Amino acid sequence: MFYRFANLFSSAQQSWAVFNRYFYKRALVLSGGGAKGAFTAGGVKYLMVELGFNFDLVVGTSTGALIAPLVASQDIANLIHFYENVEQQDILTDRPDLLAFLFSDALNDTKPLERLINKFFGDRRRYERLLQSSTEIFVATVNMQTGEIEYGNQHQDSKPILLKKILASACVPVMMPPVKIGKYQYVDGGVKEIAPFSKAIDEGATHIVSVILSPDPEHRETIRKEFTSSMDILKRTLGLLTDEVVDNDLKIAMVYSEAIRYLGHIKTNAKEKLGLTDPQIRKLFAGLENPFRGKRIVGITTIRPDEELMDSSLNFDPDKMREVVDKGYKKAKEVVSQEILQATGFFKPGNS
């Protein structure tokens with residue numbers, strides 16, 4: 001009798017797990033930002049180590065693409081170690097500015113980063129853990145020839161291709177060279193989508209925790225200095241473009257979710273307040289293509305700094321990055337605490 005009950009209980013647990021996984025899908029969306037990814041590392045440490053949260057999928061761009069495999073493998077110790085100890089020479093080597101502009105495809109050489117990715121993520125045991133993980137990863141890249149976003153995934157791509165896509169996702173155009181995969185060149189997915197919400201939504205996420213590495217527009221300070229060199233102007237321009245893209249990424253995701261919610265309210269009010277039947281409600285929308293068919297409301301929790309984290313996303317200074325890791329940890333704790341206190345969002349009491 002006991003064993004029969006135990007088997008029934010085990011079966012019920014498995015059924016609930018399947019039900020929970022189908023109806024509740026947690027996604028972690030990680031924006032680009034180079035060395036500022038130390039902030040993400042700190043935030044992830046709080047969420048996964050302190051709170052014990054796991055995710056069904058992780059979608060990352062640029063530095064987020066480097067973090068995604070470690071999140072999926074739950075290798076948070078190495079994640080923190082990397083972002084607290086990596087130095088400039090581990091990622092890039094400089095090329096002379098003038099020669100690079102005239103005769104090369106980028107201002108920096110990414111051979112050190114390529115070796116680091118192949119050695120670390122290419123490690124047999126570590127890669128096996130990634131393949132066995134129930135957490136799907138998607139790393140965003142942009143195909144230079146087609147102009148389309150493409151994603152790397154541990155189950156859809158071979159190991160060599162995925163490692164190249166992780167590298168490509170981290171390669172900021174002009175600053176870093178494109179990565180050749182087959183007959184195409186690939187660069188940082190942040191060219192089109194710095195915070196890849198759309199992929200998480202397309203994969204069926206019901207809640208997204210996003211880590212964005214720049215402050216919202218209200219917290220951005222005016223830069224007082226005058227830009228006098230072409231290199232400073234280029235870097236500032238890239239920074240402005242990055243801010244614009246990430247703001248739009250978040251705005252579109254929020255509008256998407258609110259549109260589904262609003263459409264649901266219209267249908268509910270039509271039934272409860274106007275007394276319309278389901279067939280009558282369907283007639284109201286007849287002839288209109290519903291872009292939200294089959295889509296679900298997506299809750300979005302955003303963790304982002306209140307101020308600029310550092311002057312340059314290519315400033316891999318271990319001392320500074322340790323400070324940024326701590327800021328990310330504290331900010332994640334603050335955001336979660338606010339949601340619990342206000343009983344709103346994903347981290348409200350009872351939503352685990």
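The values are calculated or read from the model by the stated rules, or taken from the named source; none is laboratory data. The structure presented is a predicted model; accordingly, all values stated were derived computationally and were not measured. Methodologically, a virtual Cβ is constructed for each residue, glycine included, from the backbone with ideal geometry; neighbour enumeration extends over all protein chains shown. With ligands, DNA and RNA removed, areas are computed over all heavy atoms of the protein, side chains included. Shrake-Rupley method; radii C 1.70, N 1.55, O 1.52, S 1.80 Å.
Scanning segment 75-94 for residues that are aliphatic (A, V, I, L, M) and part of a helix (DSSP H, G or I) yields ILE76, ALA77, LEU79, ILE80, ILE91.
Considering every residue within segment 144-157, establish whether at least one is open to solvent by less than 20 Å² (accessible area, probe 1.4 Å) and within 19 Å of PHE197 (Cβ to Cβ). Within segment 144-157, one or more residues are open to solvent by less than 20 Å² (accessible area, probe 1.4 Å) and within 19 Å of PHE197 (Cβ to Cβ).
Do we have ASP247 as open to solvent by less than 40 Å² (accessible area, probe 1.4 Å) and acidic (Asp, Glu) here? Yes. Under the condition of being of a type outside the set (Phe, Trp, Tyr), crowded, with 21+ Cβ neighbours inside 10 Å and part of a helix (DSSP H, G or I), the residues counted in segment 174-208 number 6. Scanning segment 137-167 for residues that are charged (D, E, K, R), out of contact with any strand residue (DSSP E or B) (no Cβ under 7 Å at 6 or more places or on another chain) and not in a loop (DSSP other than H, G, I, E, B) yields a single hit, LYS159.
Considering each residue of segment 274-322, count those that are within 30 Å of ARG236 (Cβ to Cβ) and surrounded by 11 or more Cβ atoms within 10 Å (Cβ to Cβ), and give that number. Can you show your working first?
Within segment 274-322, the first condition is being within 30 Å of ARG236 (Cβ to Cβ), and the residues that meet it are 300, 302-322.
Next, from what is left, pick out any that are surrounded by 11 or more Cβ atoms within 10 Å (Cβ to Cβ): 300, 302-306, 308-318, 320-322.
Going through segment 274-322 one residue at a time, the tally reaches 20.
For segment 299-323, the set of residues classified as under 28 Å from ALA205 (Cα atoms) and either of a type in the set (A, V, I, L, M) or more than 18 Å from the chain's Cα centre (by Cα) (or both) consists of ILE300, ILE303, ASP306, listed by residue number.
From the list LEU66, LEU102, LEU113, the lone residue that is at pLDDT below 95, within 21 Å of LYS36 (Cβ to Cβ), in a helix (DSSP H, G or I) and out of contact with any strand residue (DSSP E or B) (no Cβ under 6 Å at 6 or more places or on another chain) is LEU113. Scan segment 100-139 for residues that are in contact with a Ser or Thr (Cβ under 8 Å, 6 or more places away or on another chain), open to solvent by less than 50 Å² (accessible area, probe 1.4 Å) and closer than 14 Å to LYS164 by Cβ and the total you get is 1.
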